Amino acid sequence: MMSHFALPLPSGTLIVDALDFIVHGRLSTDGTPIGGPGQLWEFGRVHLELAFGALLVASLIAVPLGLVLGHYRKGEVVAIAASNVGRAVPSLALIALFVAFLGTGFLNVGLALVLLAIPPILTGTYVGVAAVDREIVDAARGQGLTEFQIVRQVELPLALASVFGGLRTSAVNVVATATIAPLAGVLTLGDLIISSSVYGDAGRLGGSIVVALLAVLTELGFAAAQRAATPKGLRSSHRSRRRSPAPPVLTSTTTSRSTP
């Protein structure tokens, strides 16, 4: 049974108008050119600078912290707390809090996105390093490697897939959240969606399409980077585990019958 609260899908004409808004642009009610590759590129450039600038700063903070905590196995509480906070705090509320106390502008919105991006990166880095076999670490330590060398040469390469998993999650989050940056005075692609009185329904749908494509491309790009960062031996062993049948389970009855 169809719900009475289902949102209507955009009509074919509106979709055509949105695509035309993206490709060619149009004139607003006061005769100002809006849309088109030129304006979309300008908004998209600011959007990417804001999102990936925040991702870079968050990585510089979270990756070293996750490496240290994972190496010494003393940061599980911190990693779990960061993960829970990242899920619990709405991005809009975080940006509103920063705007209320620090004001609007590129830097303040960027700081809010940094806080949004840190938890997945920190959690992914910690989990990846903490999952490294202790026997491998002890063997490296027995060969005379320092703690820093163990982290850099042993634990980090084995944890790269998990680190990139956290980066992948954070990247998609910040790219999507940068859409609401115009509420804090930073004109990103979200301005096409928020300022519907200026760009109309075609501009709002066109902006939504561009943001969705940008998020998908970000997801695919970091997924490829995550796969490339995974050592070939781990990838091949993972495939063999998926393809090989599960080993038979030895029950107590079977064991007792096979015992002479």
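The values are calculated or read from the model by the stated rules, or taken from the named source; none is laboratory data. Since the structure is predicted, the reported quantities are computational estimates derived from the model, not experimental observations. Ideal geometry is used to build each Cβ from the backbone, glycine not excepted, and the neighbour counts take in all protein chains shown.
For the range 150-168, the condition holds for no residue, the condition being that it is part of a loop (DSSP other than H, G, I, E, B), surrounded by 19 or more Cβ atoms within 10 Å (Cβ to Cβ) and touching a residue at least 12 places away in the same chain (Cβ under 8 Å).
The number of residues in the range 1-33 being under 13 Å from Leu189 (Cβ atoms) and at pLDDT below 85 comes to 0. Leu187 falls short on exactly one of the conditions (1) crowded, with 18+ Cβ neighbours inside 10 Å; (2) at pLDDT 90 or above, and that condition is (1). Taking the range 114-149, which residues are touching a residue at least 12 places away in the same chain (Cβ under 8 Å) and not in a helix (DSSP H, G or I)? Result: Ala131, Val132.
Looking at the structure I just gave you, is Thr104 assigned to a helix (DSSP H, G or I) and either basic (Lys, Arg) or touching a residue at least 24 places away in the same chain (Cβ under 8 Å) (or both)? It is false that Thr104 is assigned to a helix (DSSP H, G or I) and either basic (Lys, Arg) or touching a residue at least 24 places away in the same chain (Cβ under 8 Å) (or both). Can you find a residue in the range 149-156 that is of a type in the set (D, E, K, R) and over 14 Å from Ala225 (Cβ atoms)? Yes - at least one qualifying residue is present in the range 149-156.
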